[in-house]
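A short worksheet on the structure shown next.
The values are calculated or read from the model by the stated rules, or taken from the named source; none is laboratory data. Note that the structure is predicted; figures quoted are calculated from it, not measured. Cβ atoms come from the backbone with ideal geometry, glycine included; neighbour counts cover every protein chain shown.
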Amino acid sequence: MINITEELLSQRFDYTKKNETGDLLLDELVDKCAEKYHKKKHSVCPLCACTEVYLVSKKDRLDINVNILICKKCNFIFNDSLFSDDDLAEIYGNYIAKIWWNDSDLERTFTKKTSKDSYANTRYNFIKKHLNDFNNIKNVVEIGASMGTNLVPFYNSGKKVVGFDFDEKYMKVGEKFGLEMKLGGDKAFFESNLQPDLVILSHVVEHINDIDNFFKNLYSHIDKESYIYIEVPGVLNSVRERSKGYKEDGYISNNNFLGYLQFLHNYHFAAWHLIQFCERNGFEVLVYDEVVRLIIKKGDNKSNIDFDIDMLEYLKNVENDYQSLRDKSVRFLKRVLGK
Ligand SMILES: [Zn+2]
């Protein structure tokens with residue numbers, strides 16, 4: 001059994017039932033997450049199997065009731081409220097699709113998301129910059145591809161691309177722009193006979209329940225020479241004290257950790273934590289940063305990087321910064337000026 005020490009970062013991380021927002025669907029989702037959905041809990045830290053943890057938040061940015069823990073030993077931050085597959089299907093189908101994905105002009109969004117200064121191009125350029133044999137990459141697969149916008153720069157440079165996703169409405173847009181899309185997620189990819197030179201996993205791994213199992217399946221499916229690009233919202237870059245603010249490739253930090261928490265994100269990685277999962281499942285890390293962006297392939301070389309951040313202290317400093325009089329005044333002024 002996991003042994004929890006309550007150390008909420010501040011009062012605002014406590015769970016109190018939210019006032020009605022007026023958005024009926026959102027209010028219903030908040031209620032169901034608090035009372036109806038079955039949430040599986042971790043029995044140990046998923047990274048190091050330690051059973052001693054801090055509880056730092058009882059909710060996410062939408063006031064959805066989830067418990068966020070930090071392992072006392074390895075400092076990994078994880079969500080202790082994992083939704084079942086059935087609940088997730090309902091959450092995505094009945095709520096997420098209607099509240100957040102209710103985009104009436106997907107083709108315009110597609111064009112915007114593939115413009116010159118889009119994240120799709122940032123990712124493409126990052127990968128191209130770091131791989132000497134980039135020109136040898138012929139086949140690219142993205143899992144969780146949505147409309148396939150990440151694949152567009154690869155497609156435009158003559159590579160064969162395939163995107164996997166669950167949402168046919170989104171996939172159709174990619175298909176209209178010439179991309180090959182297949183229905184399903186990681187399972188569908190593992191069951192296919194595709195042997196890509198590059199696999200893209202952009203904002204996917206933080207949603208997976210069993211990360212070790214995922215990497216094991218990935219290892220047994222892909223070729224020795226294949227590259228894998230992984231991107232997750234890294235906590236050390238996304239969340240920083242204002243004076244240590246960071247901006248790279250369009251990724252901008254802020255000091256609002258609650259704003260970073262999202263109930264569908266099961267894990268909150270510093271690069272080091274993700275690297276441990278990769279290495280213990282047979283991958284070596286070729287490139288990494290704290291955005292977090294990793295390029296990995298099969299191999300035994302260890303990165304040997306150190307990690308000595310006390311995550312509880314780190315987040316407490318960030319929260320103190322957020323709660324400082326100066327920050328409160330800035331937020332007040334922004335509200336008053338309507339910015
Ligand atoms: Zn741990």
> Quick one: would you say Cys50 is surrounded by fewer than 20 Cβ atoms within 10 Å (Cβ to Cβ), within 16 Å of the ligand (Cβ to nearest atom) and hydrophobic (A, V, I, L, M, F, W, C)?
Replying inline: yes
>> Looking only at region 54-75, filter to residues that are closer than 11 Å to Asn3 by Cα and near the ligand (Cβ under 8 Å from one of its atoms); which one of those is nearest to the chain's Cα centre (by Cα)?
In response: Cys71
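For Ala120, indicate whether it is without any contact (Cβ under 8 Å) to a residue 12 or more places away in the chain, closer than 28 Å to Ala271 by Cα and either within 16 Å of the ligand (Cβ to nearest atom) or under 18 Å from the mean Cα position of the chain (by Cα) (or both). Don't jump to the end; show me each part of the working.
Values: without any contact (Cβ under 8 Å) to a residue 12 or more places away in the chain: no; closer than 28 Å to Ala271 by Cα: yes; either within 16 Å of the ligand (Cβ to nearest atom) or under 18 Å from the mean Cα position of the chain (by Cα) (or both): yes.
Judged against the criteria, Ala120 is not a match.
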>> Taking the criterion of being farther than 27 Å from Lys128 by Cβ and at pLDDT 95 or above, would at least one residue in region 220-227 satisfy it?
In response: yes
> Of everything in region 149-188 that's in contact with a helix residue (DSSP H, G or I) (Cβ under 8 Å, 6 or more places away or on another chain) and among the basic types (Lys, Arg), which residue is farthest from Val204 (Cα to Cα)?
Replying inline: Lys176
> Does Tyr246 satisfy being hydroxyl-bearing (Ser, Thr, Tyr) and at pLDDT 95 or above?
Replying inline: no
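Does region 26-34 contain any residue that is more than 16 Å from the ligand (Cβ to nearest atom), among the acidic types (Asp, Glu) and under 22 Å from His268 (Cα atoms)? Reasoning before the result, please.
Applying the first criterion (more than 16 Å from the ligand (Cβ to nearest atom)) to region 26-34 yields 26-34.
Filter again for among the acidic types (Asp, Glu), leaving 27-28, 31.
Among the residues that remain, those that are also under 22 Å from His268 (Cα atoms) are: none.
There is no residue in region 26-34 that is more than 16 Å from the ligand (Cβ to nearest atom), among the acidic types (Asp, Glu) and under 22 Å from His268 (Cα atoms).
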>> Conditions first: (1) part of a helix (DSSP H, G or I); (2) farther than 30 Å from Val330 by Cβ. Gly259 passes all but one, so which condition is the exception?
In response: (2)
